[in-house]
1. Post the alpha-carbon centroid distance, region 217-239 to region 110-126, in whole angstrom.
2. At q = 0.07, 0.10, 0.12, 0.14 Å⁻¹, what is the base-10 log of I(q)/I(0) for region 9-240 according to the Debye formula with one equal point scatterer per Cα and no solvent? Please give it to two decimals.
3. Quick one: length gained pulling R192 to D214 fully straight, 0.36 nm per residue minus the C-alpha distance?
4. Separation of region 1-44 and region 148-208 by C-alpha centroid, Å?
5. Heavy atoms only, 1.4 Å probe, whole protein assembly: order H129, H74 by accessible area, highest first.
6. Grab the other residues whose beta carbon is less than 11 angstrom from that of G236, score K and R as +1, D and E as -1, and report the net.
7. Quick one: what are the phi-derived ³J(HN,Hα) couplings along region 229-241, Karplus 6.51/-1.76/1.60 with θ = phi - 60°, whole Hz, x for glycine and proline?
8. For M227 and T91, compute 0.36 nm times the residue count separating them, minus their Cα-Cα distance, and round to one decimal in nm.
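The values are calculated or read from the model by the stated rules, or taken from the named source; none is laboratory data. A quick note: this is a predicted structure, and the numbers were derived from the prediction, not measured. Every residue, glycine among them, receives a Cβ derived from its backbone with ideal geometry; neighbour counts consider all protein chains shown. Side chains included, ligands, DNA and RNA excluded: accessible areas come from the protein's heavy atoms. Shrake-Rupley method; radii C 1.70, N 1.55, O 1.52, S 1.80 Å.
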Amino acid sequence: MSGRLAGRVALVTGARGGIGAAIARRFAEQGALVAGADIGPGVEAELALHCDVSDPAQAEAAVAATVAKFGALHILVNNAAAFVPDNTAETIPLEDWNRAMAVNLTGPMLMSRYAIPAMRAAGGGSIIHMASQLGHVGREGRFWYCTAKAALVHMATCMAIDHAKDRIRVNSLSPGPIATDRTLGRIGGEERALAFYGPLTLTGRQGTPEEIADAALFLASDESRYMTGTDLLVDGGYNAR
Ligand SMILES: NC(=O)c1ccc[n+]([C@@H]2O[C@H](COP(=O)([O-])OP(=O)(O)OC[C@H]3O[C@@H](n4cnc5c(N)ncnc54)[C@H](O)[C@@H]3O)[C@@H](O)[C@H]2O)c1
């Protein structure tokens, strides 16, 4: 198989969703053997796994199933995320806060915990935490999301230090506003999304899942071999001003 990820094995979480599905597709097009894990049904990948990333046993089992099927693991994309209703620190139900942190922060840590030994055995790897532009700036009502994403950015930096000796690179990827079924449903359709996000970005539009998949491909491939412990912001210029 040829391609920029030929001979590599990748595990993508949240692989049913807009961005996760695009990443799984792009990696497969580029020659990777791809396992897609999600809490929901309908994952399209060579190996589709049911996995709640916040559950240690399920996270461990997803990694084990990937290695059992493909013989190794080189790339982990921690893309799954849970979304709870907007709230402030004063009003958020503790249950919602705990769920947001469990899936968005503990999940990437658990998946990494089980992936790292497999990557070490494979001679190295690339871990990508899907953060967000909102890990860099705030948004009213979404402090729970912004907090988790900011922590993910720094988790990548710290994990990169710990695992450099194993030739495991760890970076975060911070998308700006991306058009997925979830975000379009939330804002009320493409027209409203363009009216809202157009003026907020320098590119005048939302990004596409494929544009984030291209950035993930770069971070997963050897083309980013000198890059670890940092964040790649792909936000159409949203954060430039
Ligand atoms: N779409 C955007 O504008 C945008 C912007 C910045 C960052 N992001 C980030 O990109 C990632 C993907 O976002 P998306 O827009 O494709 O969202 P999405 O809702 O379409 O996909 C998220 C996927 O995660 C899965 N998931 C939820 N909880 C899970 C769990 N406990 N275990 C395993 N899977 C679980 C869902 O079933 C879903 O398929 C997220 O991390 C999100 O925070 C998205």
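1. 19 Å
2. The computed values of log10 I(q)/I(0) come out as -0.20, -0.42, -0.61, -0.84.
3. My answer for the length gained is 5.4 nm.
4. Answer, in whole Å: 18.
5. These residues rank, largest area first, as H74, H129.
6. Summing Lys and Arg as +1 and Asp and Glu as -1 gives -1.
7. x, 9, 10, 10, 8, 10, 10, x, x, 4, 8, 6, 9
8. Net length gain for the segment: 45.0 nm.
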